[in-house]
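I have placed the structure first, in the form of structure tokens, so that the comments after it can refer back to it.
Computed from the coordinates by the stated procedures, all read-outs in this text should not be read as laboratory data. Everything quoted here is computed from the prediction, not taken from an experiment. Positions of Cβ are generated from backbone atoms using ideal geometry, with glycine treated the same way; all protein chains shown enter the neighbour counts.
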Amino acid sequence: MNEKRKINNDVYIGILLTAVSVFFFIEVTKIHPEAALFPKVMLGTFIILAVLLTLMGVRKTLRPELTLKSDLLLKFSVIRTPLIVFVIVAGYMVLLKVLGFFTATAIFVPAFMIFYGIKSIRTLLITDIALNVFVYVLFVRLLKVALP
Amino acid sequence: MIISELIANLVNIETFIGILVGVVGGMVIGALPGLGATMGIALLIPITFGMHPTAALIMLSSLYTAAIYGGSITAILIHTPGTPASAATAMDGYALTKQGKGLEAIGISTFASMTGGTLSAVALFFIAPPLARISLMFNAPEYFLIAIFGLTIIGTLAGDNMLKGLIAGVAGLCISFVGFDITVGVPRFTYKIAELESGIQLVPALIGLFSLSQVMIQAESIEAIRRGGKADIPKQLQGRVLPPFQEIVREIPNLLRSSVIGIIVGILPGAGGDIGGWLGYNEAKRWSKNRQEFGKGSREAVYASEAANNAVTGGSIIPLITLGIPGSSAAAVLLGGLMIQGLTPGHTMFTEKAGITYAIILGFLFANILMGLLGFLVAKRVAKVANVPTGILAPVIVVLSVVGAYAINLSYFDACVMVVFGLAGYFMRKTGFATAPIVLAIILGSMAEQGYKRAILMAKDMNIYAYYFSRPICVVLILLIILSLFAPLGLKALEKKMHKTHSQANKDSDD
Amino acid sequence: MKKTVIVCVLLLGALGAAFAGGGSEAGSSGAAFPAGKPITLICPWAPGGGSDIGARMVVPYMEKKLGTTINVINPTGASGWVGWERMLSAPEDGYTFAMINLPTIFSGYLDPALGRTKTIDDFQMLGNHVTDFATIAIRTDETRFSDLKSFIAYAKTHPLTMTTTGVGTQQHILLVLFNAAVGINLTPVPGNGFKDSYAALLGKHVDAVVGSVGEVLVPEKNKELKTIVIFSEAPSRLMPHIPVWNKLGMGPNIVVSSQRAFACKKGTPPEIVKVLADALKDAITNAEQTSKMKELGLDVDYMGPEDFAKHAKSEEGRIKGLSDVMGWKK
């Protein structure tokens, strides 16, 4: 993490994107040639742009004054909480599969709220119940959607 | 004779209830992520079974326009486009909310939606048959070019890094290739996963890229959230709901232009509300004096995209009624509703069944006006959503996003797609990639590819370039594409020159 | 602050509740199977097309009989197989059933290039709804040809294009058979359903379309297009004036029909199959439904589960025999 400061992030992103696009470019050659035409052209473009991005990153590393504001957003201290949020959401998705929609949601909503620092039991309960009732009434009763 | 029949069809309690249910239901369904006009109409069709044809179709078409409007409410307040048609609105609408002007943005969107919808109803009333004939002049080669034209918008969406904007666009195009190829019928990039055979669905990808990634962005300010506050939105709501009169007068050209764009896009069977919103946005930016404001909370942008996407609704009903060719996917479901009612589209709709047809069109017109009035009425209450502490709002958004992504096709897989795109969208936004080009490219990718391939088959043994240049509309579109590609370069060079003399920063000189 | 939240949430809830009041009630029937639980009907074709309208026509009558809701969903792609694979991966409890289309369903697995393992034997038939024969139609203002004879003569010397609804559909099969029978080379332009084909024809972007009776009947009535031939065994009950290919003696016999039927997954308990099949029979033989379908050009042709399963098997054999013409190679 510490050395990252010196090399512009675009170098890493560029290399990653080049690798991904080359992989899919090889995959395309296995498809029926007529169906592969468009993907081939676009993935070819993708490879060129990704390489270009890497080179730009190198250039920005050498000349830091060219760095854009948008290049500096990615810091571990910043993205830590969002990643935890993502893990919680992913966990919710798993619960959904195992426990069914309403049970999973009843657990997820207060848990997520507590993570966000809401302590009032009343708020927790009301939000949880109201949301579940709302989804039940609108989706299950009215729109007749069979939730998992 | 016809007029008395028309009035009898229109002025009755069943029609009135139909409009009300359509408008209120449409606003709710539209505002929720995932549930859009298409699904709303499909779900209401069984209820229309026992209704009078006029009331039934007025209800369905009211729901259509109100759902497109409803989508903008959540797009503006919580950066969660309720329908893909409001994706363009989300950028500037949410930027306005962040400035504390959420209420004004809702007012703008309400006024613009009402105007766009009403103008499209007027077009439907007066010039439906000739307009429908024009729509027939567009086919595969034209759709290919329209898609390419739409892709040039990426240039305006890219933010401060054009290269990354292009990469996002190309990535979106590649995502659109997943699924079955139409001309040969072989699977591509599906890896034997049955769900991937119909491709990556737009709506889950959109919800993930816009709303889940927004929840993650807000989580960065966890300390502020834990203190019970908002991540990035000021607490107080300023401003008034009704846009100021002078502003409306000033925006008349913008509103008209966007509505005409919307109507035309609506008429074309291959393009729907999602594309209409983007094109309206792009043209507004091209013609605007305050171009640099776009993307950062431009009021003009909200006027443009919302007028255009609601104008699509009336536009897409034009070829539906006159020829039986729906102008959008929501209109396709509407066609089902029409046929179940025993109404068969065609010129008889304007002769034998004129009493029913014109009653439906007038009902649709009233629905647009009612939608606007209702919107102004509830705007203040609705806008309070932006004031709800993130700690409560975030879980609600997550749950509704998951349900919305799931409900379109009752597919758990789609919900997973939504979550994956959420993560991808977050990292893109953290590394300077705009997410809007991906959405645009997913919408336009298959349109471009299918149009291109069909055009080759349609050209028979003619040279494909000669075929394009033998079609007048194609020539016009090619000119438009060239113009939109090179005009900004010239303008940018000019701006840069002025910029350099004015300020010290040379940050824009990259790429 | 908290009050605002509560107000908002309650408002949303109230709005939902108010909206719910307007809707119809599910209400459970005494029968064990649906027990008020919603059932999903997969129609693997775009909303608004012939198949979709047909499915949505039957649904309300089935709902009444079953006392529960049936949700129609439209997962499209892979010439119907996206939806069918989905039905086959759901549990065999009868809560998911699908509309299936013959002969389109066969080409999804008879073509070895697609690598599909599921076949018609994985489906439990519930009954046939509609038998719809294929036709060829041209524009009414067409000057180069006016009937089948002049069409074929013109096609022998000029390249012509014709829209179909995609590779492997019955329309595509017809075009391949017709080309082979007459010795011409019409180029198929795949579209996303008949609406695309029809728009392309009217706009003079293609020279002719393949469409089934249900698709061409209404435009024909409106004098927007002209049907020149039908590929059925006997003249159509709905369009008796259209010449039948087999009776013209212009080439080897061709019969191409599209059958829209309903099926669930093989292995579903017989008592559940019976409940579904009976509800379907009631819905399809309902006089009101039949006459509405007729107005749309859809000829209701009910076959029970056993009859239809037999029919499907023989159709599969027939289509298998076409492997060479279709270019399905091992």
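What percent does the relative contact order of chain B come to when contacts are Cα pairs within less than 8 Å and at least six residues apart?
The value is 27 percent.
Classify segment C:133-248 from the C-alpha gyration tensor, please: rounded if a/c falls under 1.5, else prolate or oblate depending on whether a/b exceeds b/c.
Details: a/c = 1.16, a/b = 1.06, b/c = 1.10.
It comes out rounded by the Cα gyration axes.
In terms of the Cα gyration tensor, with a ≥ b ≥ c the square roots of its eigenvalues, is segment A:76-142 rounded because a/c is under 1.5, prolate because a/b exceeds b/c, or oblate?
Numbers: a/c = 2.56, a/b = 1.45, b/c = 1.77.
Because a/c hits 1.5 or more and a/b fails to exceed b/c, segment A:76-142 counts as oblate.
Amide H of residue A:68: which non-local residues (sequence gap of 5 or more, or other chain) have their own amide H closer than 5 Å, using H built in the peptide plane?
The answer is none.
Explain nothing, just compute: Karplus ³J(HN,Hα) = 6.51 cos²θ - 1.76 cosθ + 1.60, θ = phi - 60°, for every residue of segment B:28-39 in order, whole Hz, x for Gly and Pro.
So the J values, rounded to whole Hz, are 5, 5, x, 5, 6, x, x, 6, x, 4, 4, 5.
Please list, in order along segment B:470-481, the HN-Hα scalar couplings obtained from phi with the Karplus expression 6.51 cos²θ - 1.76 cosθ + 1.60 (θ = phi - 60°), rounded to whole Hz, x for Gly and Pro.
7, 10, x, 5, 4, 4, 4, 5, 4, 4, 4, 5
Over the Cα atoms of segment A:3-72, what radius of gyration and what Dmax do you get, in Å?
Rg then Dmax for segment A:3-72, in Å: 15.0, 47.
With 10 Å bins from zero, work out the P(r) of chain B over every alpha carbon pair and list the percent per bin.
Once binned at 10 Å, the Cα pair distances of chain B give 4, 19, 30, 27, 14, 4, 1, 0.
GNM on chain C, C-alpha springs below 10 Å: top fluctuator among C:277, C:90, C:55?
With Cα springs under 10 Å in chain C, the top fluctuation among C:277, C:90, C:55 is at C:90.
Membrane-span-like helices in chain C: DSSP H runs reaching 20 Å or more (Cα, own axis), mean Kyte hydropathy at least -1.0? Write down the numbers at each step before the final one.
Numbers: long enough: C:2-22 (30 Å, 1.65); C:50-66 (24 Å, -0.09); C:270-285 (22 Å, 0.61); C:305-320 (22 Å, -1.58).
Answer set is C:2-22, C:50-66, C:270-285.
Taking the beta-carbon count within 10 Å as an exposure proxy, list A:128, B:160 from fewest neighbours to most.
B:160, A:128
How large is log10 I(q)/I(0) at q = 0.06, 0.07, 0.10 Å⁻¹ when the Debye formula is applied to the Cα atoms of the protein assembly as shown, each weighted equally and without solvent?
-0.42, -0.58, -1.24
Please compute the modelled spin-label separation between residue B:162 and residue C:141, points set 7 Å along Cα→Cβ, answer in nm with one decimal.
Here the modelled spin labels are 4.5 nm apart.
Could you work out the helix-only [θ] at 222 nm for chain B, with each DSSP H run of four or more residues adding -39,500 (n - 2.57) and the total divided by the number of residues, to the nearest 500 deg cm²/dmol?
Computed mean residue ellipticity for chain B: -23500 deg cm²/dmol.
Hey, fewest Cβ within 10 Å first, where do B:7, B:153, C:105 land in order?
Ranked by crowding around the Cβ, least crowded first: B:7, B:153, C:105.
Based only on Cα atoms, what Rg/Rh ratio does chain A have, Rh being taken as Kirkwood's radius?
Result: Rg/Rh = 1.17.
Fewest to most neighbouring Cβ within 10 Å: what's the order for B:62, A:120?
So the residues, fewest neighbours to most, are A:120, B:62.
Could you check how many percent of all C-alpha pairs in segment B:1-156 are farther apart than 25 Å? Provide the component values of the computation, followed by the final result.
Values: 5454 of 12090 pairs.
Tail of the P(r) past 25 Å holds 45 percent of the pairs.
Please figure out what share of the DSSP beta bridges in the protein assembly as shown is antiparallel and state it in percent, rounded to the nearest 5.
Values: 27 of 41 bridges.
Around 65 percent of the beta bridges assigned by DSSP in the protein assembly as shown are antiparallel ones.
Relative to the Cα centre, what is the charge dipole magnitude of the protein assembly as shown, using +1 at the beta carbon of each Lys and Arg, -1 at the beta carbon of each Asp and Glu, and rounding to the nearest 20 debye?
For the protein assembly as shown, the charge dipole is close to 2600 debye.
Let's see if you can work this out: charge +1 on each Lys and Arg Cβ, -1 on each Asp and Glu Cβ, no other charges. What is the dipole magnitude of segment A:49-148 about its Cα centre, in debye to the nearest 20? Mind showing how you got there, number by number?
Numbers: 11 positive and 3 negative charges, 26 e Å.
In total the dipole reaches around 120 debye.
Compute the separation of the alpha-carbon centres of segment C:42-93 and segment B:402-452 and state it in Å as a whole number.
25
Do the alpha carbons of any pairs in C:64/C:294; B:453/C:310; B:289/B:380; A:30/A:97; A:40/B:430; A:40/C:265 sit beyond 32 Å of each other, and which pairs? Walk me through the numbers on the way to the answer.
Numbers: C:64/C:294 22 Å; B:453/C:310 39 Å; B:289/B:380 30 Å; A:30/A:97 34 Å; A:40/B:430 29 Å; A:40/C:265 38 Å.
Long pairs (Cα-Cα over 32 Å): B:453/C:310; A:30/A:97; A:40/C:265.
Could I have the simple spin-label model distance between residue B:99 and residue B:466, label points 7 Å from Cα toward Cβ, reported in nm to one decimal?
Taking the two extended label points, one gets 5.5 nm.
Using each residue's phi in segment B:12-22, evaluate 6.51 cos²θ - 1.76 cosθ + 1.60 at θ = phi - 60° and report the 3J(HN,Hα) Karplus result to the nearest Hz, with x for Gly and Pro.
7, 5, 5, 4, 4, 4, x, 4, 5, 4, x
Can you spot the aspartates and glutamates whose alpha carbon is less than 18 Å from residue C:320's alpha carbon? Ignore those fewer than 8 places along the same chain.
Hits, sequence-local ones excluded: C:111, C:121, C:122.
How much mean residue ellipticity at 222 nm does chain C get from its helices, if each DSSP H run of length 4 or more adds -39500 (n - 2.57) and you divide by all residues, to the nearest 500 deg cm²/dmol?
Numbers: 13 runs with 144 residues, N = 330.
The helix contribution divided over chain C gives -13000 deg cm²/dmol.
Can you give the helix-only mean residue ellipticity at 222 nm for chain A, where every DSSP H stretch with n ≥ 4 adds -39500 (n - 2.57) and the sum goes over all residues, rounded to the nearest 500 deg cm²/dmol?
Details: 5 runs with 104 residues, N = 148.
Per the formula, -24500 deg cm²/dmol.
Using the 2.2 N^0.38 Å rule of thumb for compact globular proteins, work out how chain C stacks up: its C-alpha Rg over that value, please.
Cα-based Rg divided by the globular estimate yields 1.11.
Rounded to the nearest 20 Debye, what is the dipole magnitude of chain B about its Cα centre when Lys and Arg each give +1 and Asp and Glu each give -1 at the C-beta?
Taking the Cα centre of chain B as origin, the dipole is about 1100 debye.
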